[in-house]
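> First the structure, which I've put down as structure tokens, then a few questions once you've had a look.
The values are calculated or read from the model by the stated rules, or taken from the named source; none is laboratory data. Given the structure is predicted, the values throughout are model-derived calculations rather than measurements. Virtual Cβ from ideal backbone geometry, glycine too; neighbours counted across all protein chains shown.
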Amino acid sequence: MTECIGHRQTYRKLHILVLYDRFVSTFYEKNAASSTSFLEVFFLKHGFVHDLQALNVPDAAGHVDPYVKLHLLPGASRATKLRTRTVHGTNAPCWNESLTYLGITDVDMETRTLRLSVCDEDKLGPNVCIGETRVPLRRLRPQQSRTFSVCLEHPLPLERRTAWPEERGRILISLCFVPACSTVSTRAPFSTNQSLATRSTLSAHSGLHVCIVRCAHLAAMDPNGYSDPYVKLLLGPGLGRLGKRKTVVKKRTLNPEFVQEFIFEFQAAELKQRWLQVMVWDYDVARFDDFIGGVVLGMGTQGEARNHWLDCLRQPGMGVERWHPLTSSPLALTSSPITLHSSRLTVN
């Protein structure tokens, strides 16, 4: 293996292959607005640390039980952490596995960095970080895999960015505004053994069709390391109970698939004044439900949340899908601020 030499310390390289790609969602017809991006990291062969003492690994036998943690920076949180299995008793591990981030956006590719931390698992005490490396996502190109042989270094301090909210997971939402007497292109339900059956259906309900497709990398709210997530929708302003919808609860998962569609009936002229708050909750039996994270879509928001709403306006009858990060403090609209209290929704 190739060695990296610097500051009188000799390390070996971590070999990875990173793929940034897109696949087409199964809910709406294939179009540029409905593709889902993902980032997949493959761990290749073995490659590890040569000088254990230089990296402060307290193992008298010279062997470690290594695993790799992945984070997306800035804004590292438990929701963006992935990890490999542990390979026991070796300095030359071969993980032979891949880890996948769903819902990677163009903004992520320009602004975020993949951090890979190699750690030694210790059953009797805290795990030790052996070394880390970072790969800026802007070095990747869509539909092109790239191999990196990167040197492990001592852990670097995290950048302090108070303006970057903690991410609590991501949600894939499809919006489609259907004018009166219009059709909406959808895909029929399918299994892995069936081909996709495309159909156009005459919609009897004009208005906003919202599909909660799935969530990914949700924050764990329960002691077992999972959540029992469900999604609440609130369309405003001023609709009260008529503007509320809720999905089913998915048990013991941080990556739930819902594929549930909800219809809010109103005229096209109202769409510019409306907003949609989407909130993910963890269901609890004996106490109040825990709020995981949320996002607000509408003309009064910013960034991708506003662009998603605009694309829905510009493409009537066409489903437009976007991934959105969930934050613990979803944006409140200045015209009608929204507050959260336990599992209840209140519009001031």
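Table: residues versus (1) of a type in the set (Lys, Arg); (2) modelled with pLDDT of 90 or more; (3) in a loop (DSSP other than H, G, I, E, B).
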| residue | (1), (2), (3) |
| --- | --- |
| LEU276 | no, yes, no |
| MET279 | no, yes, no |
| ASP284 | no, yes, yes |
| ARG287 | yes, no, yes |
| PHE291 | no, yes, no |
| VAL295 | no, yes, no |
| CYS312 | no, yes, no |
| HIS324 | no, yes, no |
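> Related question: Step by step: first the residues of region 39-98, then only those that are touching a Lys or Arg at 6+ places or on another chain (Cβ under 7 Å) and β-branched (Val, Ile, Thr), then the one that is modelled with the lowest pLDDT. Which residue is that?
Of everything passing the filter in region 39-98, VAL49 is modelled with the lowest pLDDT.
> Starting from residues that are touching a helix residue (DSSP H, G or I) at 6+ places or on another chain (Cβ under 7 Å) and of a type in the set (Lys, Arg), keep the ones in region 106-145 and report whichever is surrounded by the fewest Cβ atoms within 10 Å (Cβ to Cβ).
It comes out as ARG138.
> Would you be able to tell me the number of residues in region 125-159 that are farther than 20 Å from PRO74 by Cβ and part of a strand (DSSP E or B)? Steps first, answer last, please.
First, the residues of region 125-159 that are farther than 20 Å from PRO74 by Cβ: 125-128, 130-131, 141-149, 151-152.
If we keep only those that are part of a strand (DSSP E or B) as well, we get 128, 130-131, 141, 144-149, 151.
Selection size over region 125-159: 11.
> Let me ask something else about it. Look at region 109-123 and say how many of its residues are free of Cβ contacts under 8 Å to residues at least 40 places away in the same chain and more than 20 Å from ASN91 (Cβ to Cβ).
Of region 109-123, the ones free of Cβ contacts under 8 Å to residues at least 40 places away in the same chain are 110-111, 123.
Still in the list and also more than 20 Å from ASN91 (Cβ to Cβ): 110-111.
Adding up the residues that qualify gives 2.
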